[in-house]
Structures are given as C-alpha cells and as structure tokens.
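Worksheet: the structure to be examined is printed underneath.
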Amino acid sequence: MSTMYMLLMLLGLLLAILTVLLIYKSTLENHEDDQLFLGASESHMAKEQEELQTRIGKIDPMVRWLSAASGAVLLVIAGMWLYGGLNRSF
C-alpha cells in the first residue's frame, strides 16, 4: 500500500469518527433545556441538565482534537499531492 492510500484511509476513519461524535453531540444538545429550575420539585430536572452539560463538556475536546487531526492529515495529503505533481512535471 502506498503512503497516500494509507493517509486517505486514516482521513476517512478520522472523519467517520468525527461525524459520529458530532451527531451524538447534536442529539445531546437537542435534549438540553434553557430553563431555570427554582423549586425543589424540579431538582431532578436540574440534575439531568447538569449531566447533559457534563457529557457535552467531555465530547467537546474530542471534537476539537479530531477536527485538528483531520485538518493536519488533509494538509499532509495535499502537500504530498502537490509535491508529487511538481516533481513529475519537471
């Protein structure tokens, strides 16, 4: 297997994982409420919202790192493609 093929496979894997995480984060954000719970009877609802915030907070760094890694791999692929194209034309 060539290096380019392996990098393309890596990019596809990173983008697939990133897509799944973004879909999961979106479903969590759909369940999030913009409400203020004042009474003790709504404490379980407040706790659920805190748990959602915790989950979203755990996913955010992973999304950022996967986005950065995907961008870096894409830049390496583009650089290799340009380098190979320029070396063949001269």
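The values are calculated or read from the model by the stated rules, or taken from the named source; none is laboratory data. Remember, predicted model here, so these are calculated numbers, not experimental data. No Cβ is skipped: glycine too gets one built from the backbone with ideal geometry, and neighbour counts run over all protein chains shown. Calculation scope for accessible area: heavy atoms of the full protein, side chains included, ligands and nucleic acids excluded. Shrake-Rupley method; radii C 1.70, N 1.55, O 1.52, S 1.80 Å.
Just checking, does the stretch 32-43 include any residue being surrounded by 12 or more Cβ atoms within 10 Å (Cβ to Cβ) and within 24 Å of the chain's Cα centre (by Cα)?
Yes, some residue in the stretch 32-43 is surrounded by 12 or more Cβ atoms within 10 Å (Cβ to Cβ) and within 24 Å of the chain's Cα centre (by Cα).
Only one of (1) out of contact with any helix residue (DSSP H, G or I) (no Cβ under 6 Å at 6 or more places or on another chain); (2) modelled with pLDDT under 90 fails for residue 32. Which number is that?
The failed condition is (1).
Can you tell me which of (1) modelled with pLDDT of 95 or more; (2) touching a helix residue (DSSP H, G or I) at 6+ places or on another chain (Cβ under 9 Å); (3) hydroxyl-bearing (Ser, Thr, Tyr) is the one residue 19 doesn't meet?
Against the list (1) modelled with pLDDT of 95 or more; (2) touching a helix residue (DSSP H, G or I) at 6+ places or on another chain (Cβ under 9 Å); (3) hydroxyl-bearing (Ser, Thr, Tyr), residue 19 comes up short only on (2).
If you go through the stretch 74-85 one residue at a time, do you hit one that is at pLDDT 85 or above and within 11 Å of the chain's Cα centre (by Cα)?
no
Name the pairs: first residue in the stretch 50-75 and open to solvent by 50 Å² or more (accessible area, probe 1.4 Å), second residue part of a helix (DSSP H, G or I) and at pLDDT 90 or above, Cβ to Cβ under 8 Å, at least 6 apart or on different chains?
Going by the 8 Å Cβ cut-off, the qualifying pairs are 62/21; 67/18; 74/11.
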